[in-house]
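Structure first, commentary second.
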Amino acid sequence: PPIGLESHRIEDDQMLASSMLRHGLGAQRGRLNMQAGTNEDDFFDGAWCAEDDSRTHWLEVDTRRITMFTGVITQGRDSQIHDDFVTSFYVGFSNDSQHWMMYSNGYEEMMFYGNVDKDTPVLSEFPEPVVARYIRIYPQRWNGSLCLRLEVLGCPLSAVSSYYTQQNEVTSTDNLDFRHHSYKDMRQLMKVVNEECPTITRIYNIGKSSRGLKIYAMEVSDNPGEHETGEPEFRYTAGLHGNEALGRELLLLLMQFLCKEYQDGNPRVRGLVTDTRIHLVPSLNPDGYELAHEAVRGQWGGMDRTVEQWGRMWGAGMGCGAVGWDSKVVGCSPFLAAHHCPGLVTGLQAGQLKCQIRGWDLEWWDGTRVVGCRPPGLTTNPFVLGANLQGGEKLVSFPFDTARPSPATATAAPRPLDYEDERPELQETPDHAVFRWLAISYASAHLTMTETFRGGCHAQDVTEAMGIVQGAKWRPRAGSMNDFSYLHTNCLELSLYLGCDKFPHESEMQQEWENNKESLLTFMEQIHRGIKGVVTDQQGEPIANATIVVGGINHNVRTASGGDYWRILNPGEYRVSARAEGYNPSVKTCHVLYDIGATQCNFVLSRSNWKRIREIMAMNGNRPIRRVVPGRPMTPRERLRLRMRLRHRMRLREQMRLRRLNATTASSSPTVPPSTTALPFPFSSTAYTPWSQEPPTAGTWEMDTETEVVTELMTETE
């Protein structure tokens with residue numbers, strides 16, 4: 001297994017070099033898959049580089065314990081402008097860093113052959129293992145400048161020399177399956193867990209990949225298969241990127257753990273399973289995992305160690321269409337294909353892009369640009385809280401992930417929510433404080449995530465020593481699942497970056513499980529923080545799709561089909577209202593406590609007469625209807641308008657009477673002149689414009705007679 005250069009288990013002061021070109025190219029930058037910063041001339045460049053082209057330079061690693069070394073993995077410099085890599089090198093060993101023994105083949109010092117390009121990691125295995133504490137690499141030939149990234153393979157044979165490092169080494173006591181699982185192994189493991197705990201687990205699939213592999217999910221609940229009123233739904237997803245295997249294995253371990261602890265009567269796990277409907281999706285991208293596993297089968301280098309694939313993904317991982325060692329294109333997840341590979345959807349209008357995943361839906365950001373594909377279950381279930389497990393860094397990222405500039409013109413595309421336009425320079429969500437609470441709940445329970453004094457995996461610490469960061473301030477990107485979930489569903493979703501090494505060795509799985517076990521459980525428990533309740537009418541019938549509004553937070557949630565809702569809030573006092581179509585709103589004051597357990601806030605809504613009011617307004621052409629205040633004297637102008645309306649109505653009635661009279665007498669005596677009736681009030685044809693002598697049509701008469709039931713409104717201009 002690797003000793004930990006890439007995962008940063010080997011600290012900076014355990015790496016030493018004969019020289020360095022500058023500080024940004026020092027020995028601490030010579031880690032496998034180290035990524036250069038935005039500016040390659042800063043303190044965070046992409047390799048160790050010697051100050052000149054002398055063959056006497058070396059890169060040394062101190063393991064601080066007796067180790068049996070079995071090989072090394074070398075890589076060139078991560079750079080957009082330089083093409084530097086080592087093509088051949090010698091290897092030396094020592095127990096005291098003073099006296100060195102060169103690796104030989106029995107006759108002479110053995111030459112190892114390295115890279116042919118700057119990106120592809122190359123494994124060099126030793127024919128015979130060597131036991132020592134220190135190891136050095138002596139480059140002999142190289143392309144460009146002398147630059148190197150390195151990982152060392154070996155097994156520890158003694159206790160670590162550093163007391164503080166020894167305290168961080170944890171051996172798990174859980175009897176779980178600590179190994180990497182192929183697609184077939186993953187499916188078999190999920191089946192075994194389901195057979196062991198059939199009353200609390202259910203396996204289902206949310207679609208198929210482009211190669212026809214089913215994307216499996218496991219539900220853990222006391223009543224699997226249906227949504228229970230009042231029980232919130234939670235989701236963990238992993239494997240979005242095929243080369244990030246740690247999240248996949250952690251969810252498989254979590255399945256086993258919940259099953260075993262539930263059977264053993266663990267009160268914490270039993271309460272979590274009983275009160276929460278948990279969904280675990282270990283591999284959203286089975287194609288990428290299987291293709292990458294096939295590409296590196298037979299060699300240990302991790303899934304993120306092949307060619308350009310292992311170059312960048314979201315800035316530090318795999319890109320779509322990367323070519324592996326076997327010349328096959330590494331698969332892209334349905335999300336990745338459109339979210340993070342814009343070249344795949346360039347020039348396509350919304351609706352023209354076909355999802356390659358059968359049964360998956362398209363998503364749009366603004367109606368003109370395709371964001372990506374999603375499994376339908378991610379929005380059909382009333383999820384309240386969720387997280388996606390990723391790798392390449394060690395932190396928690398929360399929305400917004402998109403940096404949103406203010407629109408350039410008034411005709412710019414509308415935003416999904418109004419509050420984004422109010423302060424376009426402010427990228428924080430209305431629930432920014434809630435997201436920080438959720439992120440800290442995971443990072444603080446993690447054994448090493450808040451140890452930011454070592455810096456980030458590839459650059460300086462961006463979390464302000466807290467292990468959390470807003471996505472837009474760290475790596476702005478459009479169309480992330482976190483932003484979509486927040487803007488278009490009730491679910492609050494975060495991204496959990498589990499470590500620098502995306503594909504740790506099996507020997508490190510116990511340590512990684514212990515690092516994350518408490519965090520995984522604590523984060524799930526946060527779903528029971530805030531308020532919850534049921535919205536019903538006066539007859540006790542649930543009201544679906546009702547809107548829950550929290551005063552001071554411009555982000556609303558809606559009730560599920562059973563009328564139940566959940567709203568995660570920080571401790572405090574909130575003014576909450578429930579609104580629904582055809583009902584009068586109801587307002588309550590709800591108190592959220594610090595202890596786990598949501599406050600119950602139920603709402604009973606009474607039916608309103610707004611439906612009848614809308615009908616009356618429609619009959620009036622949707623024009624405003626003036627409200628008449630009883631007992632208030634009329635102004636002279638209002639009295640004049642009333643007299644005009646009364647004259648108009650009397651005229652219409654007289655015309656109607658005459659028309660009916662003519663219709664009845666036309667057949668018997670057409671020459672009989674129609675009688676006239678004097679108006680009951682004085683009328684002067686010179687004072688007012690005479691009414692039209694044309695008889696009103698049937699449609700006009702019906703409209704005018706119906707509007708007599710209301711008071712006509714005259715506009716301010718009139």
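Condition (residue is in a loop (DSSP other than H, G, I, E, B), modelled with pLDDT of 95 or more and under 21 Å from Cys491 (Cα atoms)) applied to the stretch 602-613: is it met by at least one residue? Scanning the stretch 602-613 turns up at least one residue that is in a loop (DSSP other than H, G, I, E, B), modelled with pLDDT of 95 or more and under 21 Å from Cys491 (Cα atoms).
Between Ile66, Ile10, Ile3, Ile73, which is of a type in the set (A, V, I, L, M), closer than 20 Å to Glu393 by Cβ and touching a residue at least 40 places away in the same chain (Cβ under 8 Å)? Testing whether each residue is of a type in the set (A, V, I, L, M), closer than 20 Å to Glu393 by Cβ and touching a residue at least 40 places away in the same chain (Cβ under 8 Å) leaves just Ile10. For the stretch 198-211, the set of residues classified as open to solvent by less than 30 Å² (accessible area, probe 1.4 Å) and either at pLDDT below 95 or in the same structural domain as Asp564 (by the TED database) (or both) consists of Ile206, Gly207, Ser209, listed by residue number. Checked against (1) at pLDDT 95 or above; (2) surrounded by 14 or more Cβ atoms within 10 Å (Cβ to Cβ), Glu195 passes all but condition (2). Being modelled with pLDDT of 95 or more and in a helix (DSSP H, G or I) is a description that applies to Phe257. Taking the residues in the stretch 570-601 that are aromatic (Phe, Trp, Tyr) and modelled with pLDDT under 95 as candidates, determine which candidate is least open to solvent (accessible area, probe 1.4 Å). The residue in question is Tyr583. Just one residue in the set Gly265, Gly230 is at positive phi, part of a loop (DSSP other than H, G, I, E, B) and in contact with a Lys or Arg (Cβ under 9 Å, 6 or more places away or on another chain); that residue is Gly230.
Looking across the stretch 444-492 at every residue that is over 22 Å from Asp13 (Cα atoms) and aromatic (Phe, Trp, Tyr), the one that is least open to solvent (accessible area, probe 1.4 Å) is identified as Tyr486.
Taking every residue in the stretch 76-88 that is of a type in the set (Lys, Arg) and pairing it with any residue that is in a loop (DSSP other than H, G, I, E, B), at least 6 positions away or on another chain, the pairs with Cβ-Cβ distances below 6 Å are Arg77/Gly46; Arg77/Ala47; Arg77/Asp84; Arg77/Lys118.
Just to verify a result, which residue in the stretch 14-36, among those that are assigned to a loop (DSSP other than H, G, I, E, B) and touching a helix residue (DSSP H, G or I) at 6+ places or on another chain (Cβ under 8 Å), is modelled with the highest pLDDT?
It comes out as Met20.
Look at (1) touching a Leu at 6+ places or on another chain (Cβ under 9 Å); (2) on the phi < 0 side of the Ramachandran plot; (3) at pLDDT below 90 and you find that Lys473 fails only one, number (1). Within the stretch 58-78, can one find any residue that is over 22 Å from Gly154 (Cα atoms) and out of contact with any strand residue (DSSP E or B) (no Cβ under 8 Å at 6 or more places or on another chain)? Taking every residue of the stretch 58-78 in turn, none turns out to be over 22 Å from Gly154 (Cα atoms) and out of contact with any strand residue (DSSP E or B) (no Cβ under 8 Å at 6 or more places or on another chain). All of (1) surrounded by fewer than 22 Cβ atoms within 10 Å (Cβ to Cβ); (2) at pLDDT 95 or above hold for Glu290 with one exception: (2).
Considering Trp513, Trp610, the condition of being of a type in the set (Phe, Trp, Tyr) and either open to solvent by 20 Å² or more (accessible area, probe 1.4 Å) or free of Cβ contacts under 8 Å to residues at least 60 places away in the same chain (or both) is satisfied by Trp610 alone. For Phe503, the criteria (1) at pLDDT below 90; (2) surrounded by fewer than 20 Cβ atoms within 10 Å (Cβ to Cβ); (3) aromatic (Phe, Trp, Tyr) hold in every case but one, which is (2). Give all pairs with beta carbons closer than 8 Å in which a residue from the stretch 453-472 that is farther than 14 Å from Ala439 by Cβ meets a residue that is at pLDDT 80 or above and in a strand (DSSP E or B); count only pairs at least 6 apart in sequence or on separate chains. Within 8 Å, the pairs are Gly456/Lys394; Gly456/Leu395; Cys457/Lys394. In this entry, Phe93 passes the filter for residues that are in contact (Cβ under 8 Å) with a residue 24 or more places away in the chain, under 25 Å from Pro1 (Cα atoms) and more than 45 Å from the chain's Cα centre (by Cα).
I'm trying to understand the selection: among the residues of the stretch 178-188, which are surrounded by 14 or more Cβ atoms within 10 Å (Cβ to Cβ) and either within 10 Å of Leu253 (Cα to Cα) or of a type in the set (Lys, Arg) (or both)? Selection gives Phe178, Arg187. The set of residues from the stretch 533-556 being open to solvent by 60 Å² or more (accessible area, probe 1.4 Å) and not small (Gly, Ala, Ser) comprises Gln538, Gln539, Glu541, Pro542, Asn545, Asn554, Asn556.
Against the numbered list (1) in a helix (DSSP H, G or I); (2) modelled with pLDDT of 85 or more, Glu420 comes up short only at (2).
Of all the residues in the stretch 557-569, those that are open to solvent by 30 Å² or more (accessible area, probe 1.4 Å) and either within 19 Å of Gln526 (Cα to Cα) or more than 21 Å from the chain's Cα centre (by Cα) (or both) number 1. Do we find a residue being without any contact (Cβ under 8 Å) to a residue 24 or more places away in the chain, farther than 27 Å from Phe126 by Cα and either surrounded by 18 or more Cβ atoms within 10 Å (Cβ to Cβ) or of a type in the set (Gly, Ala, Ser) (or both) anywhere in the stretch 23-36? Within the stretch 23-36 (the criterion being without any contact (Cβ under 8 Å) to a residue 24 or more places away in the chain, farther than 27 Å from Phe126 by Cα and either surrounded by 18 or more Cβ atoms within 10 Å (Cβ to Cβ) or of a type in the set (Gly, Ala, Ser) (or both)), the answer is yes, since at least one residue qualifies.
The values are calculated or read from the model by the stated rules, or taken from the named source; none is laboratory data. As the structure is a prediction and not an experimental result, all values here were calculated from the model. With ideal geometry, Cβ positions are generated from the backbone for all residues, glycine too; neighbour counts draw on all protein chains shown. Heads up: the accessible areas ignore ligands, DNA and RNA and are worked out on the full protein's heavy atoms, side chains in. Shrake-Rupley method; radii C 1.70, N 1.55, O 1.52, S 1.80 Å.
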